[in-house]
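Visitor: After the structure tokens below, expect a handful of questions from me.
The values are calculated or read from the model by the stated rules, or taken from the named source; none is laboratory data. The model shown is predicted, which means the values in this text are computed figures rather than measured ones. Glycine gets a Cβ as well: all are built from the backbone with ideal geometry, and neighbour counts include every protein chain shown. The accessibility values were calculated without ligands, DNA or RNA, using every heavy atom of the protein model including side chains. Shrake-Rupley method; radii C 1.70, N 1.55, O 1.52, S 1.80 Å.
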Amino acid sequence: MIRKNRPTPFIIISNAVTTNKITSSDMVFTVLSVSKIDPDCDYNITQLIQSKGYPWEEHKVTTADGYILGVFRIPHGRNASSSTPGRPVLLQHGLLDAATTWVINFPEQSLGFILADAGYDVWLGNVRGNRYSRAHVKFNPDHDEAFWDFSWDDMAQDDLPSMVYYILNQTKQTQIGYIGHSQGTLIGFAEFGNLSNDIQKNVSFWAALAPIAQVGHEKTPLKYLDTDSKELEKYWHKLFGRNEFLPASNILQSLGKFACGEFFFDRLICENMLLIIGGPDRKNLNASRVPVYASHGPSGTSVKNMVHFMQCGRSNRFQAYDYGSAEKNQLRYNQTTPPIYSIRSMKVPTAIFWAGEDWLADPTDVAYIFDNIESLVYEKYIPNYNHFDFVWASTANKLIYQDLINVMKKYHPI
């Protein structure tokens, strides 16, 4: 059943491309001045979709705690014989990314377009704090520290259910398909294993691309921003403030030099935070698209969210945010330590696609997922993929998406 006790969200539907462009200067931070060799560098998500010949809608989803999420819809493919949408599928981006990740390549390479052409009703989600979800019913992200008081706990507990139930209410369906990448898998594992709600009944299938739960073995240079001090949160706030994650350029450049220390890559690769996190090797990418990827990301998150990732890396536990003391945790969770999320209790049929050269979803950490999951229906290993190849690689359509759609049709048919 569709849960009814959610706040009533509002919707904005538009049938024309907006005249306001999001350029590299509107990014959460700009590392380099990118040469605009492709108009896609300057397009926002609706312009990306329309420029490829697809229909689109923009929706606004309000969470229980007041965040306003930008959610975008591709109701059908370019050459659909009918404008009637198929069954809904929600695609959820990863850490520091946005919904553009699913439509940033050419139509035959982008999962959002491929699913629409296959007959699915495609919904592209954005979690709180990224460029398409910087709004709140009460707080101003540019002035109010309270806006940034969130981590992926809140994305799992509030953002994901809000988007799922909104889509089901809009489409009058009872179940949805879900595909997550990176952090999108993290919140999926956290929420679908939560037995205190009934969201599992509303998800018939989900696919985890570059899955993360435990991150104790991640290789990203961000781990070197950890500290042996017990004051991890204060350390990060001293470096980056208390609000939006905006690294100083000298810190970013240092991480970029470390990321590329053993290889030779252009600075655009080495100094882009997304590629620093996922691994800078671009052998699977279309080289001509690299400026486009850099122009559309990073898309922002909170410092608290980054601290949460650092905590989980240090503890090697799939757990809620640690407030730093037994007393504070007791107030928040009614126990002295952060709760551990359960994967074993998850019943949603799950497909996992993982890689050998993934810096964030390290194979050792992915093994934890395999050791605990009881709802696995399919898995595929790609030895030479890194973290962002799952959404950007020119070969992902053949190595991943064909298999993904084939297995999804068994559990969530069009």
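Visitor: If DNA, RNA and ligands are ignored and the probe is 1.4 Å, what is the ranking of Arg131, Arg282 by accessible area, most exposed first?
Guide: The ordering from most to least exposed comes out as Arg282, Arg131.
Visitor: Accessible area, 1.4 Å probe, largest first: how do Asp158, Asp142 sort?
Guide: Sorted by accessible area, descending: Asp142, Asp158.
Visitor: For the range 281-414, report the convex hull volume of the alpha-carbon atoms normalised per residue, in Å³, without decimals.
Guide: Residue-normalised Cα hull volume stands at 154 Å³.
Visitor: Looking at the range 315-414, which trypsin sites (Lys or Arg not before Pro) are in a loop (DSSP not H, G, I, E or B) and have at most 14 other Cβ atoms within 10 Å?
Guide: Here the trypsin sites (Lys or Arg not before Pro) that fit, given the DSSP loop and packing criteria, are Arg344, Lys347.
Visitor: Using a probe of 1.4 angstrom, how much of the accessible area of the range 297-350 is carbon and sulfur, in percent?
Guide: Accessible surface attributable to carbon and sulfur in the range 297-350 totals 51 percent.
Visitor: Moving on. Between the alpha-carbon centers of the range 296-321 and the range 91-128, tell me the distance in whole angstrom.
Guide: After rounding, the separation between the Cα centres reads 23 Å.
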